[in-house]
Each structure stands twice: as C-alpha cells, then as structure tokens.
Amino acid sequence: MIDGTQDEDDDTASEMDMDNYADDFKVAAKTKRKPYDVEYESLSQRSVEKLMQRDVEHICGIFGVEADTANLLLRHTKWNKEKLIENYMDNATAVLVAAGVTLPDAPTPSRTHSIASSSQSQSAARRPATRSKLLGLGSSSKSSAKSSSPPKPISRTPSKKADEAFVCQICFNDAPGLQTLALDCEHAFCTECWLDYATSKIRDESEHTVRCMAEGCALVAPDTFLRDILLGSVPATGEQQAREKTWQRLQELFVRHFVACNSHLKFCPYPSCTNTVSCPSAASKSSLITVVPTVSCGARGIGVQDSAASMSSSQQFVNGLGLKGKEHKFCFGCQVESDHRPVICSVARMWLKKCRDDSETANWIKSNTKECSQCQSTIEKNGGCNHMTCKKCKHEFCWVCMGPWSEHGTAWYSCNRYDEKTGVDARDAQSKSRASLERYLHYYNRWANHEQSAKLALDLYAKTEKKMEEMQITSALTWIEVQFMKKAVEEVDKCRMTLKWTYAMAYYLYRGNEKDLFEDNQRDLEKAVEDLSELLESPIEADNIPALRQQVTNKTVYVQKRNEIVLEDTAVGFLDGRWRWNVSVDGFDDPEDQ
C-alpha cells in the first residue's frame with residue numbers, strides 16, 4: 001500500500017541512517033590548548049610581504065604619497081605607523097629629510113588645497129617622492145620614474161652635447177656616450193658604478209638602505225630605482241641570474257628589517273629557513289614570567305641550500321629513507337634556539353651562562369685543588385711534598401689527610417694518619433666548602449648527559465630505520481605498521497630535551513615541597529624514557545616482533561603522558577605563582593623575602 005506519507009517515512013529512515021554514520025562525517029573538534037602551549041601563527045616570506053604592503057598602503061592613503069616614499073618613511077621610523085603619522089603631521093619636511101626622501105633645501109610639500117590651483121599642481125605638491133634620473137653624457141634631462149607605474153627598462157640615450165665631457169667620479173670613466181644615473185640630488189654616476197655599489201651593499205654588507213654615492217649626500221635610493229638598476233636591462237644569462245638573486249636578497253633584507261622592528265614577529269633561526277612566526281602573547285617581557293613560548297615555523301629538516309656534501313652519512317641515510325628532519329621548534333622569547341620547556345627564558349639564560357663560565361672550571365677545581373681548613377682558600381699543589389702552607393693565613397697542614405702538620409712529625413712524603421680528630425674535622429670542613437661545587441656538578445653532568453643523547457638522535461634514527469626494514473623482511477608487517485618505532489624515537493628525543501632542562505630548573509628551585517614533587521615527576525619521566533630507550537636498542541627477533549610492537553607502543557604512550565604531566569604541572573605552577581627560586585629572578589620574589 002502506498003500513501004502520501006511514504007516519502008516522509010523514507011526521509012526519516014534516511015536521516016536515521018545518516019545519524020548512524022554521523023561520526024564518520026564530523027570534523028574533529030579543535031583540541032583544547034594545553035597550559036604549556038602558546039598561540040602563534042607561522043608566516044611565509046610572502047605573507048610577511050603582504051603585511052608590509054598593507055602598512056605601505058595605509059601610509060599612502062593618509063599622506064597621499066607614492067609607495068616608494070611610504071616605504072622609506074616606514075623604514076626610517078622602524079615601521080612604527082603611529083610615530084610616523086605624529087611626526088609627519090608635526091613637521092613633514094623634517095621627516096622627509098631625515099628619511100632620505102628629499103634634500104634639506106627641498107621645499108616643504110604643500111598640503112593645502114587652493115581653489116585657484118589646478119588639480120595637477122595639487123597632485124605634485126602632495127607627492128614628495130624621490131625620483132631616479134637617467135642622464136646621458138652631460139644631459140640635463142630630468143625624466144622621473146613613478147613608483148606607482150610598473151618597472152620599465154631604463155632608456156639610455158647618448159648626450160646631445162658632444163662638447164660636454166662627463167667623467168664618473170667613482171671609476172673616472174669618460175668614454176663617449178657613457179650612461180649615467182642620478183637621484184634627485186643630481187649626483188650622476190655611471191650605471192656600472194651604481195650596479196656594483198648596490199650589489200656590494202646588498203650582497204656583501206646585507207644593507208637594505210642604499211644611499212647616494214656622493215660624499216655627504218644622505219638621499220636614499222627608492223625601491224624602483226634599485227629595481228631598475230638590477231633588473232632594468234637584459235644582460236647575459238649568467239649575469240641576469242646573479243642580478244635576480246641580488247634583488248631577491250634585497251627583498252629578504254626588507255622582510256628581516258620589518259620582522260626585527262615588530263616585537264610580535266620573529267624569524268626562524270634555522271639555517272636557510274625564511275619563515276616567520278607571529279606570537280603576540282609572548283611579545284612583552286612580563287608575559288615571559290608565566291609562559292615558555294615554544295613555537296614552530298612549520299618547516300622541517302635542513303634548508304634547501306645545504307648540499308649533500310655538508311651532511312653526515314647518518315643525515316643522508318635518514319633523509320634518503322623517509323625519516324625527515326626534526327620540526328623547526330624554537331623559543332620565541334629568547335635567543336635559545338631550541339625548546340627549553342619547562343624552564344622560563346630568564347632562568348634558561350642564567351643556566352647557560354653559568355655552564356659556559358663554570359663547567360670546565362668546576363671540573364678542574366674538583367680534580368686539582370683543595371681548600372685550606374682554616375680560611376677555605378683554594379690551593380693547588382705544585383710540588384711533591386705533602387707539607388702545605390697556605391699563603392693567605394699561613395696555616396700548615398697535610399695535603400693527604402688535611403690535618404695540622406704539627407701532628408705528622410717527619411712524615412714528609414707519606415701520611416698514614418686518618419682517624420685523628422683534627423684530620424676528620426678538616427676533611428669535614430672541606431666537604432662543606434665543596435658542597436656547592438658538588439651540587440652544581442650533579443645537575444650539570446645530568447644536563448650534559450641528556451644534551452649528548454639528543455645530539456646522537458640522528459644515529460638513533462638511522463638504527464631505527466634499519467630495524468624497521470628488518471621487521472618488514474622478517475614479518476608480515478607493512479611499512480605503515482612498523483611506524484611505531486619511528487614514533488617511539490621521536491618521543492624519546494622530545495622527552496630527553498624536556499629532561500635536560502628539568503635539571504636546569506631544579507638547580508635554581510628553592511628547596512621545599514614544590515621541588516620535591518617536581519623531582520618526583522622528573523624521576524618518573526626519566527625512568528620511563530630509559531625503559532623505552534632500552535626497548536629500542538633491543539635486538540630484533542622474528543618470534544618476538546608482535547610482543548615488541550605491543551611493548552614499544554604501550555611504553556611510548558606512557559612516556560608521552562609522563563612528559564605532558566611534567567610540562568603541564570610546571571606551566572600551571574608558573575601561572576599560579578607556585579615556584580620559588582634560590583637566586584634572584586626578574587618578576588619573582590627575592591630569596592631573602594621568601
């Protein structure tokens with residue numbers, strides 16, 4: 001029986017079927033941001049150039065100037081639009097002269113709109129743009145290159161006045177028909193000198209500001225002028241490629257200057273990487289007290305400019321078989337070019353400085369010196385006799401047992417006295433004086449151990465890659481199914497980085513319940529990492545591959561969870577103000593006030 005409700009019933013049944021498969025079509029909800037993560041955005045060089053262009057258009061719309069002038073003004077004020085607008089409205093001439101746009105004796109650009117003046121004169125008065133001039137030999141032509149128009153090849157015409165000899169003041173070339181270029185200052189030089197000068201500034205000195213070559217002239221060459229120099233003519237193929245690279249280098253310098261002038265932007269420190277990261281939440285120093293701004297530019301591996309010859313055999317093996325380089329992670333708030341979570345930037349810098357200054361010195365002092373039992377001055381033994389005399393307090397003691405020399409009689413080169421009270425007391429005093437040194441070496445040695453393990457990560461990747469291939473051969477597992485080994489290696493590498501910096505943080509933490517809990521989490525993570533590393537190093541046997549896969553997978557998940565616990569607990573502690581330090585740290589209470 002068919003009635004009018006059949007279609008409705010069919011629709012209802014269809015909706016019920018879709019409900020059953022709804023989970024397959026749903027887009028995964030965005031996971032909640034973890035306490036130790038920060039919000040950031042990765043930007044390519046093209047994206048940064050768009051940000052620059054937006055600021056340039058903003059200034060062009062307000063001042064009524066050309067893009068070349070707006071660029072020079074913004075670079076002069078370090079891309080501070082508010083400061084530029086304020087200064088320009090106050091004294092436009094001074095700003096234009098300071099930015100190298102016009103000469104000091106140039107007339108002030110008119111901003112009045114007289115009814116009697118023509119529209120052409122109004123436009124000219126509102127556009128204080130620097131113009132490039134191409135001069136023939138002795139030519140008085142003043143044709144300007146508008147920045148708003150597309151770049152055109154510079155037309156070079158010989159001089160009409162043969163009796164006027166022009167001599168370039170740089171190369172002293174006076175050949176007939178010599179092509180010259182000049183800015184608004186009319187300081188003319190031959191095109192070859194301009195090309196060599198601009199190329200040297202850009203490629204050799206990494207300068208984005210190219211001023212006039214005349215002595216004492218502060219006029220700056222605009223972008224279109226430099227583009228015409230580098231790309232205007234069509235030379236030989238090899239030279240054209242070199243000029244294009246110079247122009248690309250100039251664009252990169254413009255981007256780097258823009259990034260350096262904006263506190264919420266930072267360039268990726270990895271070699272040959274041109275990406276930028278925007279992280280406004282870590283732009284201020286006050287924010288670095290409560291967060292460790294670890295970011296990623298989105299790229300992986302080494303730069304494309306690095307040749308295979310510069311890579312080790314392990315690197316070539318890893319890159320050749322599919323284990324790509326590590327993600328470009330770095331700290332946005334400081335110059336530490338690595339992920340130094342969980343410790344904040346100021347403490348990380350403090351620890352690195354101490355390691356550079358004290359690590360080798362501390363090891364040498366521990367091995368070669370002792371302290372005087374009277375004044376605790378550090379003494380180095382420079383002879384074979386055990387009879388020591390402190391130069392500072394004149395105390396005489398035995399180098400072997402540290403007891404007073406008066407009790408040793410004639411035992412000049414040997415000492416069999418150990419149990420005398422004076423010797424025991426002297427050794428106790430020395431132990432106390434070296435407690436600080438021993439404490440530092442305890443944390444430093446463990447920090448250095450994890451750093452060394454991280455440096456060997458490439459070798460571990462290569463060994464793991466071979467094991468993954470061996471598993472495919474000796475079992476029915478596919479390449480996708482053996483990826484659990486790669487995941488385990490990546491997790492070990494990441495956790496060792498965390499463990500390394502936990503020792504730097506523990507060294508400066510104030511002794512108390514908070515530090516005890518922190519070290520408990522540190523111990524659990526370290527034990528889990530070592531267990532997983534042992535599984536990765538174990539030999540592969542065909543019979544135990546399924547069991548090994550299960551063990552490695554379970555341990556990897558456990559290690560990942562322990563790492564998240566350490567990072568999350570530390571991050572929440574910074575947000576809650578729980579951590580206290582045994583040294584003075586900016587933004588925290590001094591140790592004596594605790």
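The values are calculated or read from the model by the stated rules, or taken from the named source; none is laboratory data. Note that the coordinates shown come from a computational prediction; the quantities given were computed from them, not determined experimentally. Neighbour counts run over all protein chains shown; Cβ positions are idealised from the backbone, glycine included. To get the accessible areas, we keep the full protein, side chains included, count just its heavy atoms, and leave off ligands, DNA and RNA. Shrake-Rupley method; radii C 1.70, N 1.55, O 1.52, S 1.80 Å.
Observations
- Note on T93 and S200: the model spin-label points, each 7 Å out from Cα along the C-beta direction, lie 3.5 nm apart.
- With 0.36 nm allotted per residue and the present C-alpha distance subtracted, the I85-H58 stretch has 8.7 nm of extension available.
- Solvent-accessible area of M89, all protein chains in place: 100 Å² (probe radius 1.4 Å, heavy atoms, ligands and nucleic acids excluded).
- For region 478-553, applying the loop criterion from DSSP together with a ceiling of 14 other beta carbons within 10 Å to the trypsin sites (Lys or Arg not before Pro) yields R511.
- Legend: P(r) of region 172-240 from all alpha carbon pair distances, 5 Å bins from 0, whole percents, reading 3, 15, 27, 27, 18, 8, 2, 0.
- Tensor-based shape of region 26-103 (alpha-carbon gyration tensor, a/c under 1.5 rounded, otherwise prolate or oblate): prolate
- Computed extension length for D589-L456: 44.0 nm, one decimal, from 0.36 nm per residue of separation with the Cα-Cα distance subtracted.
- Distant-in-sequence amide contacts of W581, defined by a placed amide H-H separation under 5 Å and a gap of 5 or more residues or a different chain, comprise Y510.
- Solvent exposure, largest accessible area first (probe 1.4 Å, DNA, RNA and ligands not counted), of I62, I473, I344: I473, I62, I344
- Of K466/K500; K50/K83; K50/K266; K50/K494; K32/K486, pairs whose Cα-Cα distance is over 23 Å: K466/K500; K50/K494; K32/K486
- When T93, T276 are compared by accessible surface with a 1.4 Å probe, the order from highest to lowest is T93, T276.
- Residue among L477, Y444, A454 farthest towards the positive dipole end of region 434-479, charges placed on Cβ: Y444
- Taking the convex hull of Cα positions in region 475-568, its mean projected area over all directions (nm²): 6.3 nm²
- Legend: residue pairs K353/K527; K370/K391; K245/K455, Cα-Cα distance threshold 25 Å; pairs beyond threshold, K353/K527; K245/K455.
- D520 sits with roughly 60 Å² accessible to a 1.4 Å probe, with DNA, RNA and ligands left out of the calculation.
- Area of E537 that stays accessible when all protein chains are in place (1.4 Å probe, Å², to 10): 110 Å²
- Length gained on full extension, R46 to A260: 75.4 nm, using 0.36 nm per residue less the C-alpha separation.
- Residue order by solvent-accessible surface for Y440, Y40 is Y40, Y440, largest first, with ligands and nucleic acids left out and a 1.4 Å probe.
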